[in-house]
Amino acid sequence: MLPLDKTLPAPLKPIGHSHPINQTYTTVAEIFREMGFELLQARMVNDDNAVFSTLNFQKNHPARDLMDTFYLDSGAIPIPHTSSMQNWLLTHRQPPFAAVIAGRCFRSEKLDPTHEHTFYQLEGMYVNQNVRVSDLIGTLKTAATTISNRYQLDLELKVLTTYFPFVEPGIEILARKPGMDKWLELIPAGMIHPQVIKAGGLDASWNGFAWAIGIDRLTMLIHGITDLRWLHSGDLRFLQQF
Amino acid sequence: MKLSYNWLKEFVPSLTETPAQIAESLSHSLAEVESITPVGADFALEIENKALSHRGDLFSQTELSREVAASLSRKFEQPSITHLPSNPKSITGSSTQLQIEINTDADLTPRYSGIILDHIQVGPSPKWLVDRLLIHGLRSINNVVDVTNYIMLKYGQPLHAFDATELNPANATLTIETRPARTNETLVLLNGQTVNLTTDDLVVAKMTGDQPSTAIALAGIMGGDAAQISEQTTQILLESANFNMYAIRATSRRHGLRSEASLRFEKGIDPNLTLFALLEATEMLSGSSELNTNVVDNVSKPPLKETTIKLNADEINYYLNTTQNPEQIINTLVALDFNVDILTEKTFSVTIPSHRPDVKQKEDLYEEIGRIYDYNKIVPTLPQRKLAPPIDNSMWQLKNSIRQLMNQLGGNEVLTYSFTDQANAGIISVLTDNELALTQQFEPSLLKITNPIAPEFGYLRSSIIPSLTAVTLENAKRFKEFTLYEVGLVTHPVLNKTLPDEPHLLSIIHYTSQGDPNQSLVALKSTWLTLLNQLGINQFLDWQPLLIPLSETPGTCFGYEIDLRQILPLWQALQFQPIALHPTTFQDLSFKIDANQPVGPLIESILEFVSHRPLPNAAYLIRISLIDLFQNEQMQTQNEKSLTLRLEFQHPTQSLSDAEVTPIREDIQQYLIDQHHATIR
């Protein structure tokens, strides 16, 4: 028998790993749950009514061009955004309510390090009476700061004005890690458009806010991943790092 | 959309901010400024067109400058009109009578304004005009065309100039009409392209007596080749018209034609601009404001009634959580060209200008006030909530439990695409006699994508196994053994319904590059059974996995796939099993048997046999495990294999001795010899 040698090298043990996207989903959904938001999963294929019409996209309106949407021959749509579940929430939940919705989304974009045709969003909706823009900014800044603290990202945040047909006013939360030159678009959001409230069958005394976090972007920010294409590669050399 | 810094200064004379400072301010109040590019002595600030899709009026230097002024709280002014220098006074109105007929629905051509000017001298443009066009990416053509482009850039109202003599050689009257194109009508455009028109396209045409009119321009998009401005032109028709945004967008897509004009029409232009822009263009060219009387203005669609919205300063301050006094709010609105009538100390009525059709309700005005105020200055608040936790999502919890278990079992989670190719379209894994196999279940056409990103991604998937197999093969190049799993939704079409069913699948694949395939099979089965066991589930234990064929890759590959909607109702907390106070008694049994005899059914048949035997203690046989399985060369030639089974006996209140269980083992031995031609070892 050989003498005891405490300096022997030891390999890492082969453990299993969940996908970094789902790790991010779990943490972020948990943070929102702590804030009072129910979690749901989005339908992957939905109809024009859910994806566009009930979200204040008028027929033939150029706003429909903002997203390069896929269509099935049947007319159904692989969702380009998790906002496709907003009308369902408005018609299936008694206000006041708060919910987040996770979903895989699709847009016809050529693959490159920062663009994908398959991506992940976490939609959020809060509906009550007399909801204020400051509530929207407060809720999202709080969530973003909590995420930042949990992952020790030290994020700087700012709020810009933007446009989507289904919110009015429309805003975007941008984030920047220390040392980063560019700001990252993190959370597009806004006050739910009155037409969306109406399409959901609620009277005008109700209002609220909604948002969609890009989970891939956040995952890349958290782990310093530089190329989006790794996420769907199925490559163990990538997956086993997380 | 570009904004020229020098031109901006003409609209905001008090401007002292640098382009970078303007960009920063605009990013907060309007949209991100993507780039600042020096061009000669000027700077071009660029905003992505997509960011302005809701503000068709901002494809105009005037309105963009107004936005900058509002965001910087500086005064906005309309600059005086610059006249072109070369002998302007020679240009006059025309003796040729201009008539304009709108022969489309009023909605398609709401307004058409025009003027004919005589004694035109076509020549080069002054440098300042050439530079100004250049900064917007437009090259100088000649003074007449350049003025039309300049006015378009300034107001967002496209103009077009025709050589009027070419259109109308001799007559005293020039009659222009707008109409739908005729079937099979063609038009040669300025860029030399011939376009085959449809009745959904709009054209501008010249009328000649009773004959069918001749198209001279594809309305809102591009002028025709025939009457373009040349050095010989001495008489021009200047067109300033408004066309329906949806019609222009459709025509543009139909023929694959885009221009600076169509870009603007598609977004929707205020019809009130036509006359205004035409008069300024006329004055720029002629140096005179007295030619206005020669303008012909055909308004086919009466202007929409102005929208007025009542606002309350207290409501605004509540909504934004600000403490602005009414004067501040009114100043912001006025700076953005809204008309404000004060009603009481806190309330006022806001009239929306015609170039802001996007403002329809008070929330739109709250946004105007908020964005100029700057959202970063708003003090955040948090809504109140009830202390109850939100509703649980049990499927999500199940999935997370499965992830944790699979990770403990060494599984690696992957995410693969929902798109698949025609060969795999409609394929699902189906269970027959407890064995999983891939079958074509759905007609691929029901899953077909009309506009796929690539042919191999032309369908939505109905099973995860094919894409999971593909990434397995890739990983097999580098790893000798691994387990992959994926949890995801797939698409199962439903007859007579637009929306498909979406099973929540869990798919698992195990790969080994070498060794006995049976070992690889058992490894995956152990994972599967452990998973079910930890979820408290007693079903699906008999499922035999999919054998996944590997064409060129060495090794073996097995898989499982299940709809978690079957698992969810069975998932339960693990129950405590009383622990026996006395040790288990083991007896091993080794024997040779036919190599083709499946082990599972053999063990089941032994248990079945024992359950009918009236031997004492037979009821305490709690388990039969496979301890060993092998085949040496000699056995191979005889088509035999050797098994060692472990019989486990457990009595609830006492320890069983070997003597008490040996008869049962011997009984089983005899059964094996009699019924299965076994040779005991």
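The values are calculated or read from the model by the stated rules, or taken from the named source; none is laboratory data. Since the model is a prediction, treat every value here as computed from it, not as a measurement. Glycine gets a Cβ as well: all are built from the backbone with ideal geometry, and neighbour counts include every protein chain shown. Quick note on the areas: whole protein, heavy atoms, side chains included, nothing else; ligands and nucleic acids left out. Shrake-Rupley method; radii C 1.70, N 1.55, O 1.52, S 1.80 Å.
Data overview
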| read-out | value |
| --- | --- |
| Hey, residue B:437 in contact (Cβ under 8 Å) with a residue 40 or more places away in the chain and open to solvent by 20 Å² or more (accessible area, probe 1.4 Å) or not | yes |
| Residues located in segment B:602-637, provided they are without any contact (Cβ under 8 Å) to a residue 12 or more places away in the chain and surrounded by 12 or more Cβ atoms within 10 Å (Cβ to Cβ) | B:604, B:619 |
| Leading residue by the ranking (surrounded by the most Cβ atoms within 10 Å (Cβ to Cβ)) among those in segment B:445-468 that are part of a helix (DSSP H, G or I) and more than 10 Å from every other protein chain (Cβ to nearest Cβ) | B:465 |
| Test: residue in segment B:654-672 that is in contact with a His (Cβ under 9 Å, 6 or more places away or on another chain) and open to solvent by 70 Å² or more (accessible area, probe 1.4 Å) | yes |
| Residue list for segment B:329-379, restricted to those being under 19 Å from residue B:31 (Cβ atoms), assigned to a loop (DSSP other than H, G, I, E, B) and touching a residue at least 60 places away in the same chain (Cβ under 8 Å) | B:336, B:337, B:355, B:356, B:357, B:358, B:374 |
| Among residues of segment B:191-211, those that are open to solvent by 10 Å² or more (accessible area, probe 1.4 Å) and either among the β-branched types (Val, Ile, Thr) or within 25 Å of residue B:94 (Cα to Cα) (or both), counted | 9 |
| Residue tally, condition among the polar types (S, T, N, Q), surrounded by fewer than 17 Cβ atoms within 10 Å (Cβ to Cβ) and closer than 25 Å to residue B:265 by Cβ, over segment B:55-86 | 1 |
| Members of segment B:207-227 found to be more than 41 Å from the chain's Cα centre (by Cα) and under 23 Å from residue B:282 (Cα atoms), listed by number | B:226, B:227 |
| Any hit, segment B:23-35, residues being within 14 Å of chain A (Cβ to nearest Cβ), acidic (Asp, Glu), open to solvent by 30 Å² or more (accessible area, probe 1.4 Å) and in a strand (DSSP E or B) | yes |
| Any hit, segment B:585-600, residues being at pLDDT below 90 and surrounded by 13 or more Cβ atoms within 10 Å (Cβ to Cβ) | no |
| Answer from B:472, B:491 - the residue that is among the β-branched types (Val, Ile, Thr), open to solvent by less than 20 Å² (accessible area, probe 1.4 Å) and in contact with a Phe, Trp or Tyr (Cβ under 7 Å, 6 or more places away or on another chain) | B:472 |
| Any chance residue B:53 is among the polar types (S, T, N, Q), within 14 Å of chain A (Cβ to nearest Cβ) and in contact with a strand residue (DSSP E or B) (Cβ under 9 Å, 6 or more places away or on another chain) | no |
| Members of segment B:320-377 that are more than 14 Å from every other protein chain (Cβ to nearest Cβ) and of a type in the set (Ser, Thr, Tyr) | B:344, B:347, B:349, B:351, B:354 |
| Flag for residue A:142 being among the hydroxyl-bearing types (Ser, Thr, Tyr), touching a residue at least 40 places away in the same chain (Cβ under 8 Å), open to solvent by 40 Å² or more (accessible area, probe 1.4 Å) and at the interface with chain B (Cβ under 9 Å from one of its Cβ atoms) | yes |
| Filtered residues of segment B:411-427 (kept if touching a Phe, Trp or Tyr at 6+ places or on another chain (Cβ under 8 Å), more than 21 Å from residue A:80 (Cα to Cα) and surrounded by fewer than 19 Cβ atoms within 10 Å (Cβ to Cβ)) | B:422 |
| Test result for residue B:389, in contact with a Gly (Cβ under 7 Å, 6 or more places away or on another chain) and more than 7 Å from chain A (Cβ to nearest Cβ) | no |
| Pairs with Cβ under 9 Å, 6+ apart, first in segment A:7-25 and more than 13 Å from chain B (Cβ to nearest Cβ), second surrounded by 22 or more Cβ atoms within 10 Å (Cβ to Cβ) | none |
| Wholly enclosed strands (runs of 3 or more DSSP E) of segment B:184-274 bearing at least 1 residues in contact with a Lys or Arg (Cβ under 7 Å, 6 or more places away or on another chain) | B:202-208, B:211-218, B:236-242 |
| Tally, over segment B:651-681, of residues that are touching a helix residue (DSSP H, G or I) at 6+ places or on another chain (Cβ under 6 Å) and not in a helix (DSSP H, G or I) | 3 |
| Residues within segment A:97-111 that are touching a residue at least 60 places away in the same chain (Cβ under 8 Å) and open to solvent by 50 Å² or more (accessible area, probe 1.4 Å), tallied | 1 |
| Residues that are open to solvent by 40 Å² or more (accessible area, probe 1.4 Å) and either more than 29 Å from the chain's Cα centre (by Cα) or touching a residue at least 60 places away in the same chain (Cβ under 8 Å) (or both), drawn from segment B:390-406 | B:391, B:392, B:394, B:404 |
| Unique residue being among the small types (Gly, Ala, Ser), at the interface with chain B (Cβ under 8 Å from one of its Cβ atoms) and buried (at least 20 other Cβ atoms within 10 Å of the Cβ) when the list is A:84, A:134 | A:134 |
| Conditions (1) in a loop (DSSP other than H, G, I, E, B); (2) acidic (Asp, Glu); (3) surrounded by 22 or more Cβ atoms within 10 Å (Cβ to Cβ): number failed by residue B:306 | (3) |
| Residue B:521 open to solvent by 30 Å² or more (accessible area, probe 1.4 Å), out of contact with any Cys (no Cβ under 9 Å at 6 or more places or on another chain) and more than 14 Å from every other protein chain (Cβ to nearest Cβ) | yes |
| Residue check, residue B:116 surrounded by 16 or more Cβ atoms within 10 Å (Cβ to Cβ) and in contact with a His (Cβ under 9 Å, 6 or more places away or on another chain) | no |
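Each row is one residue, and each column tells you yes or no for (1) modelled with pLDDT of 95 or more; (2) in a helix (DSSP H, G or I).
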| residue | (1), (2) |
| --- | --- |
| A:29 | yes, yes |
| A:40 | yes, no |
| A:54 | yes, yes |
| A:74 | no, no |
| A:84 | yes, yes |
| A:91 | yes, yes |
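For (1) under 22 Å from residue A:50 (Cβ atoms); (2) part of a loop (DSSP other than H, G, I, E, B); (3) within 10 Å of another protein chain (Cβ to nearest Cβ), each residue gets a yes or a no:
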site: B:471; (1), (2), (3): no, no, yes
site: B:482; (1), (2), (3): no, no, yes
site: B:485; (1), (2), (3): no, no, yes
site: B:498; (1), (2), (3): yes, yes, yes
site: B:507; (1), (2), (3): no, no, no
site: B:511; (1), (2), (3): no, no, no
site: B:514; (1), (2), (3): no, yes, no
